[in-house]
Amino acid sequence: YLTLEEVEAVSKIVFTDSTWHIEFIRDMFLFSCFTGLRFSDVQSLRNKNVTKEGEDYYIEIRMNKTQGIVKLPISLLFNGKAVDIVKKYENKNPEEYLFPRISNQKANMKLKVISVIAKIDKNLTFHVSRHTFGTNLASATSDQFLIKELMGHTDIKTSMTYIHTSQEHIKNKLKNTNWG
């Protein structure tokens with residue numbers, strides 16, 4: 001998974017008009033970091049899956065892997081950063097896909113370039129983005145039921161792995177803290 005600092009490094013990459021094909025991969029990756037959606041779910045998102053209730057934006061989608069329906073309050077997750085990405089790509093046709101279509105393999109190849117540009121020494125894949133969401137959500141809330149609901153897990157044991165990863169991260173940070 002990526003730390004919030006590493007996610008920020010990815011988000012600060014500046015692209016040119018000639019590198020849009022890498023920019024939309026970066027945006028899809030960040031969107032997944034902020035929502036926890038799998039690559040297949042991000043690719044199947046259509047404009048009609050984005051709803052607005054009052055000032056809040058939601059993504060409602062049937063997850064490809066589990067077939068469960070998840071309603072994500074994206075305005076409330078990670079300071080609403082996913083909302084900015086939605087606004088960048090949405091259009092008025094409800095049946096249109098939110099993001100350009102690409103294979104997972106090609107997207108992951110382009111993520112390798114993004115990791116070099118962002119100076120992140122990790123093998124970036126879309127699966128890493130899902131783990132980034134789960135681990136950072138666990139660090140922020142320690143609520144396995146919230147993790148289960150937002151990530152669409154069918155078994156609470158799967159959600160607990162993020163709690164354990166988060167606790168391990170906290171333990172390592174405290175071990176390396178200079179208490180003066």
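The values are calculated or read from the model by the stated rules, or taken from the named source; none is laboratory data. Not measured: the values here are computed from a predicted model. Cβ: placed from backbone, ideal geometry, glycine included. Neighbour counts: every protein chain shown. Surface areas here come from the heavy atoms of the whole protein model, side chains and all, with no ligands, DNA or RNA. Shrake-Rupley method; radii C 1.70, N 1.55, O 1.52, S 1.80 Å.
Yes or no: G36 at positive phi and touching a residue at least 40 places away in the same chain (Cβ under 8 Å)? Before you say what the answer is, go through the steps one by one.
Values: at positive phi: yes; touching a residue at least 40 places away in the same chain (Cβ under 8 Å): yes.
Answer is yes for this residue.
I'd like the residue in segment 39-58 that is without any contact (Cβ under 8 Å) to a residue 12 or more places away in the chain and among the charged types (D, E, K, R) and, out of all such residues, is nearest to Q105 (Cα to Cα).
Here the answer is K52.
Across segment 73-126, what is the number of residues that are without any contact (Cβ under 8 Å) to a residue 12 or more places away in the chain and either under 15 Å from the mean Cα position of the chain (by Cα) or over 20 Å from W20 (Cα atoms) (or both)?
Looking only at that region, the number is 4.
With under 23 Å from R46 (Cβ atoms), in contact with a helix residue (DSSP H, G or I) (Cβ under 6 Å, 6 or more places away or on another chain) and of a type in the set (A, V, I, L, M) as the only criterion, which of L72, L76, L124 stands out?
The conditions single out L72.
Any residue at all in segment 62-80 that's within 19 Å of I147 (Cβ to Cβ), part of a loop (DSSP other than H, G, I, E, B) and of a type in the set (G, A, S)?
The answer is yes; a qualifying residue exists.
Could you please let me know if K81 is among the basic types (K, R) and more than 16 Å from Y58 (Cβ to Cβ)? Step through it out loud before you land on a result.
Values: among the basic types (K, R): yes; more than 16 Å from Y58 (Cβ to Cβ): no.
Against the criterion (among the basic types (K, R) and more than 16 Å from Y58 (Cβ to Cβ)), K81 does not qualify.
Let's see how each residue does on (1) surrounded by 15 or more Cβ atoms within 10 Å (Cβ to Cβ); (2) in contact with a Cys (Cβ under 6 Å, 6 or more places away or on another chain); (3) not small (G, A, S):
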position: K87; (1), (2), (3): no, no, yes
position: E95; (1), (2), (3): no, no, yes
position: I102; (1), (2), (3): yes, no, yes
position: R130; (1), (2), (3): yes, no, yes
position: G134; (1), (2), (3): yes, no, no
position: L137; (1), (2), (3): yes, no, yes
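Kindly evaluate K81 against the criterion of being open to solvent by 70 Å² or more (accessible area, probe 1.4 Å) and modelled with pLDDT of 95 or more.
Details: open to solvent by 70 Å² or more (accessible area, probe 1.4 Å): yes; modelled with pLDDT of 95 or more: yes.
Against the criterion (open to solvent by 70 Å² or more (accessible area, probe 1.4 Å) and modelled with pLDDT of 95 or more), K81 qualifies.
For residues that are hydrophobic (A, V, I, L, M, F, W, C) and crowded, with 19+ Cβ neighbours inside 10 Å, scanning just segment 46-69, find the one that is farthest from D155 (Cα to Cα). Quick ask: steps written out before the conclusion?
Looking only at segment 46-69, we keep the residues that are hydrophobic (A, V, I, L, M, F, W, C), and these are 50, 59, 61, 63, 69.
Remaining after also requiring crowded, with 19+ Cβ neighbours inside 10 Å: 50, 59, 61.
Numbers: V50: 26, I59: 22, I61: 19 Å.
Result: V50.
Can you tell me which residue in segment 113-128 is surrounded by the most Cβ atoms within 10 Å (Cβ to Cβ), limited to those that are outside any helix (DSSP H, G or I) and hydrophobic (A, V, I, L, M, F, W, C)?
Ranking the qualifying residues of segment 113-128, first place goes to L124.
Identify, please: which residue in segment 8-45 is basic (K, R) and open to solvent by 40 Å² or more (accessible area, probe 1.4 Å) and is, among those, nearest to K71 (Cα to Cα)?
First, pick out the residues of segment 8-45 that are basic (K, R): 12, 26, 38.
Filter once more, so that each one left must be open to solvent by 40 Å² or more (accessible area, probe 1.4 Å): 12, 38.
Numbers: K12: 28, R38: 14 Å.
Among residues in segment 8-45 that are basic (K, R) and open to solvent by 40 Å² or more (accessible area, probe 1.4 Å), the one nearest to K71 (Cα to Cα) is R38.
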